[in-house]
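The values are calculated or read from the model by the stated rules, or taken from the named source; none is laboratory data. Predicted model only: the values in this text are computed from it and were never measured. Cβ placement follows ideal geometry from the backbone for every residue including glycine, while neighbour counts extend to all protein chains displayed.
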Amino acid sequence: MGAQGIGNNREPVIAVADLTMAYGSFVLQRDLTFTVNRGDIFIIMGGSGCGKSTLLRHMVGLKEPARGRVLYEGVDFWEADPAQRDAIMRRIGILYQSGALFSSMTLGQNVALPLREYTDQSEEEIQELVSLKLALVGLAGFEDYYPSEISGGMKKRAGLARAMALDPDVLFFDEPSAGLDPISAKLLDDLILELRESLGATIVVVTHELASIFAIGNNSVFLDADAKTMIASGDPKVLLAECKDPTVHRFLTRGVEKAAP
Amino acid sequence: MPTEPRLEISRTDGDSLLVLLSGNWRMGSRLPSSEEIRRHLQDGSVRRIILKEGAELEWDSVLLTFLNRVAATCSEQGVAISTENLPDGARRLLALASAVPERKGARRSAAKEGFLYLIGDNVLQFRQAAGEMLDFIGEVSIAVGRLIRGQARFPRTEFMTVLQQCGADTLPVVSLISLLVGLILAFVGAVQLRVFGAQIYVASLVGIAIVRVMGAIMTGIIVAGRTGAAFAAELGTMQVNEEIDALQTMGIPPMEFLVLPRMLALALMMPLLCLYADLMGILGGLLVGIGMLNLNTLEYFNMTRESVTLTNVWIGLVHSAVFGVLVALAGCLRGIQCGRSASAVGNATTSAVVTGIVSIIVATAIITIICDALGI
């Protein structure tokens, strides 16, 4: 960790090369090539059903690509030996769409699980780390609650606390603002920004919330369901100003056509 | 290579204590104890602690937990703490962690309850559970009433699917189990009866036992474990996914749409399964009769026909129809009562099987007593 000159160095953390995603013979997306740099907040955007979440599943090693490669700092995830894969998986944290908290465990036990499995901290230290992580997401004192006893927004934040348990270098968010009210969504965006600044983490976000995209993103890739590939990439704010592709433009302006340029 | 985490404490001018943090403050490294700082505070002359980033400081959340400990010690002793000279990221994270104060009353006190309290609590819970069960049975009865009057919604395709699941799909396991139970009964009887040269009565023993109760009980238990568990898991998952709420808001009573078809399907299929199990059980007895006791097939068949009366068959069928209703009720009840989590579905399934099997045995006892009283 240690925040040194975030955003200035363009050191690639994840590189996706010629990725083709397919379910059986049904090709979802092909020829995806992009790079996520250290300190980026990288947005994966596109309409519903274009394969955003599937791309995320490919990037975190849940689904094997039909073709192409996913490189973590130059190491091909799917070619790597199991020990290397484990090392990569340990360095990433994922916030799933609805939190994916283990319902038979309390929030404290949920956050403690990766710490118990992967570190040899003492029980007391683990409890301190758990309290710290929960406090970071604004859930101080909720250690003994079960996921079924808290609201959807709190589940999401607790899921984030668990994703951050091992101080990951890369944090993945699957639709972080889905199902949240605008204020909670804004707070979560702020939290993502703050985590990037203070942890120096690289963040990959799957979303179609325009407000979030412009508020936090500094790099992105746009997937199109009809073209079956990426049709734009780069800073979303720049895309809005400069991208000539009608699909991207319609998406970024919610289909509200401004006065013709 | 990063080194061990180090803590250098020195008094500066006046009332300040300078704490220099250096080295590797990461998970897996042995942290210095915050006791040392506490010792320096003991004489009461220190009014301020200045935390400062030292040489080669590498850190992760472990540093933050240490700082939290120091901060707790400081506020206990009424000492000010200054973090200006710490890494920027660490300071921001500390600020973030204290941004939302702990909500009052959020933390739970794990009070240990006394023995009497637990007993009382269990009794109250039992009363509530019994009430819920009666409620459920009442609702099902109303739904059946509506069905008889032709007012209930009845999903035909669902009914057919359940018929197949608890009927035809169950045949293999019923065949195997009842064949083996027939075989076992015959074996056990044969050893005793051979002593008296009364081998032929193995046919009566197996025939009556299987047809009157064993066939029904065995199919009941198989169906409880197979279909009852499936009902509970399916309805429980529907409860988790809010599908049952969706039905209710559409004005479709879950009792009529989900419970009725399952209950009727099982009540219809169980007697058929039971007849089939009776047949397989007798076949199992026959195998022992021929293979071990040197009886011939016709002899065995005639003896079975003589000893097993039609009354026995009816009693067996009544048993199985009752079991069908009970197993379906237990499965659906536990499914509908299910909580909204993965572990709740597991509990519902377990509870459905246990309730199903217990009610089968209790029902058998009751029916047996009634038959005895009626002299059949």
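Structure notes:
- A search for C-beta distances below 8 Å between a residue of segment A:133-144 that is facing chain B (nearest Cβ under 7 Å) and any residue that is hydroxyl-bearing (S, T, Y) and not in a helix (DSSP H, G or I), counting only pairs 6+ apart in sequence or on different chains, returns A:A135/B:S98; A:D144/A:T106.
- Residues located in segment A:209-244, provided they are at positive phi and not charged (D, E, K, R): A:G234
- Test result for B:K112, part of a loop (DSSP other than H, G, I, E, B), more than 14 Å from chain A (Cβ to nearest Cβ) and basic (K, R): yes
- Within segment A:115-129, the residues that satisfy the criterion of being more than 7 Å from chain B (Cβ to nearest Cβ), within 17 Å of B:L64 (Cβ to Cβ) and either of a type in the set (F, W, Y) or in contact (Cβ under 8 Å) with a residue 12 or more places away in the chain (or both) are A:L115, A:I126, A:Q127.
- Condition met for A:D190 (touching a residue at least 12 places away in the same chain (Cβ under 8 Å) and out of contact with any Leu (no Cβ under 6 Å at 6 or more places or on another chain)): no
- Failed item, numbered, when B:R340 is tested on (1) in contact with a Phe, Trp or Tyr (Cβ under 9 Å, 6 or more places away or on another chain); (2) exposed (fewer than 15 other Cβ atoms within 10 Å of the Cβ): (1)
- In the set (1) in contact (Cβ under 8 Å) with a residue 60 or more places away in the chain; (2) within 26 Å of B:R91 (Cβ to Cβ); (3) among the hydrophobic types (A, V, I, L, M, F, W, C); (4) more than 10 Å from every other protein chain (Cβ to nearest Cβ), the condition left unmet by A:I94 is number (2).
- Filter result (over 15 Å from B:E139 (Cα atoms), not hydrophobic (A, V, I, L, M, F, W, C) and not in a loop (DSSP other than H, G, I, E, B)) within segment B:242-261: B:E243, B:D245, B:T249
- Residue list for segment A:104-127, filter: under 25 Å from A:G152 (Cα atoms) and surrounded by 19 or more Cβ atoms within 10 Å (Cβ to Cβ): A:T106, A:L107, A:G108, A:N110, A:V111, A:A112, A:L115
- B:E58 meets each of the listed conditions (1) in contact (Cβ under 8 Å) with a residue 40 or more places away in the chain; (2) closer than 27 Å to B:D13 by Cβ apart from (2).
- Segment B:59-101 - residue that is in a helix (DSSP H, G or I) and acidic (D, E) and, of those, nearest to the other protein chains (Cβ to nearest Cβ): B:D88
- When we screen B:L293, B:L298, B:L283, B:L333 for residues that are assigned by TED's automatic domain parsing to the domain that holds B:L176, of a type in the set (A, V, I, L, M) and in contact with a Gly (Cβ under 9 Å, 6 or more places away or on another chain), the only hit is B:L283.
- Residues in segment B:1-44 that are in a loop (DSSP other than H, G, I, E, B), in contact with a Leu (Cβ under 7 Å, 6 or more places away or on another chain) and surrounded by fewer than 16 Cβ atoms within 10 Å (Cβ to Cβ): B:T12 only.
- Meeting the requirement of 2 or more residues that are under 30 Å from B:S61 (Cα atoms), the helices (runs of 4 or more DSSP H) wholly within segment A:189-261 are A:210-216.
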